[in-house]
Amino acid sequence: GEGNSSRLMAADANALRQLPQVQWVAEGVSTRQQLIAGNQNWNTQVQGTNVDWPLIKAWPLLYGQFFTEQDVQAAAKVVVLGKNVSDLLYGEGVDPTGQNLRVRNHVFKVIGVFTSKGASSGGQNQDDQVFVPFTTVQKKLQGIQHLNNITLSAFSADGIALTAEAVKGSLRITQGLAQGEEDTFRVQTLEDMVAFRTQTTSTMTS
């Protein structure tokens, strides 16, 4: 319907996966939540994403593993922690995989911890966040169907501009925009120390 025309959906991301220029794609939806583990608690960003996230970011794990395609399909309550969150909730040098933590009335199982990455180019601390399947944020934490953004990476750095154009074209089709209608989204290309990636962010229109 009209009301959803400015919202990115999983279908948009699936269409982007078909583009020959695109290597990896991760749906994104995030929420700030209080995490509780034993008598420790911490308020942080819960990033809902997909299995390509560590590949796009070239970000290795310190402990455990990232979640699987099956976890995404099942909207599983599994969580991968940023290093700071792990240290605060479970102690430094502790491997918390297999432990539980609570988010609202949900119990999540810790399955991994990322290596420390420090501040991003935007200045935010990348180690102070946790990652869960995007479907889990949608269904269990927020009760929504749309995405906040889609992060993807191109096969080659040379192909960034062309990839961005292809992404725009694909989104215009899946968003059902007629010729001459304005984009309901914006495509940003970021040059990152580790990997080139194109990040697509939906902008809400009234």
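The values are calculated or read from the model by the stated rules, or taken from the named source; none is laboratory data. Note that this is a predicted model, so its numbers are computed, not measured. In this analysis, Cβ positions are derived from the backbone assuming ideal geometry, glycine residues included, and neighbour counts consider all displayed protein chains. Note: accessible area is taken over every heavy atom of the protein model, side chains too, but ligands, DNA and RNA are not part of it. Shrake-Rupley method; radii C 1.70, N 1.55, O 1.52, S 1.80 Å.
Being over 22 Å from residue 148 (Cβ atoms) and either at pLDDT below 95 or part of a helix (DSSP H, G or I) (or both): is that true of residue 95 here?
Judged against the criteria, residue 95 is not a match.
What strands (runs of 3 or more DSSP E) completely inside the range 1-91 contain at least 3 residues that are more than 14 Å from residue 111 (Cβ to Cβ) and modelled with pLDDT under 95?
Because the criterion is at least 3 residues that are more than 14 Å from residue 111 (Cβ to Cβ) and modelled with pLDDT under 95, the strands (runs of 3 or more DSSP E) in the range 1-91 that meet it are 22-37.
I'd like the full set of residues that are open to solvent by 40 Å² or more (accessible area, probe 1.4 Å), in contact (Cβ under 8 Å) with a residue 12 or more places away in the chain and either in a strand (DSSP E or B) or touching an Asp or Glu at 6+ places or on another chain (Cβ under 9 Å) (or both), limited to the range 118-147.
Once the filter is applied, which keeps residues that are open to solvent by 40 Å² or more (accessible area, probe 1.4 Å), in contact (Cβ under 8 Å) with a residue 12 or more places away in the chain and either in a strand (DSSP E or B) or touching an Asp or Glu at 6+ places or on another chain (Cβ under 9 Å) (or both), the range 118-147 yields 121, 125.
Residues to consider are 33, 40; find the one that is over 17 Å from residue 134 (Cα atoms) and not hydrophobic (A, V, I, L, M, F, W, C).
Sole residue among the options that is over 17 Å from residue 134 (Cα atoms) and not hydrophobic (A, V, I, L, M, F, W, C): 40.
Quick check: is even one residue across the range 101-111 part of a loop (DSSP other than H, G, I, E, B) and within 21 Å of residue 45 (Cβ to Cβ)?
The answer is yes, given that some residue of the range 101-111 is part of a loop (DSSP other than H, G, I, E, B) and within 21 Å of residue 45 (Cβ to Cβ).
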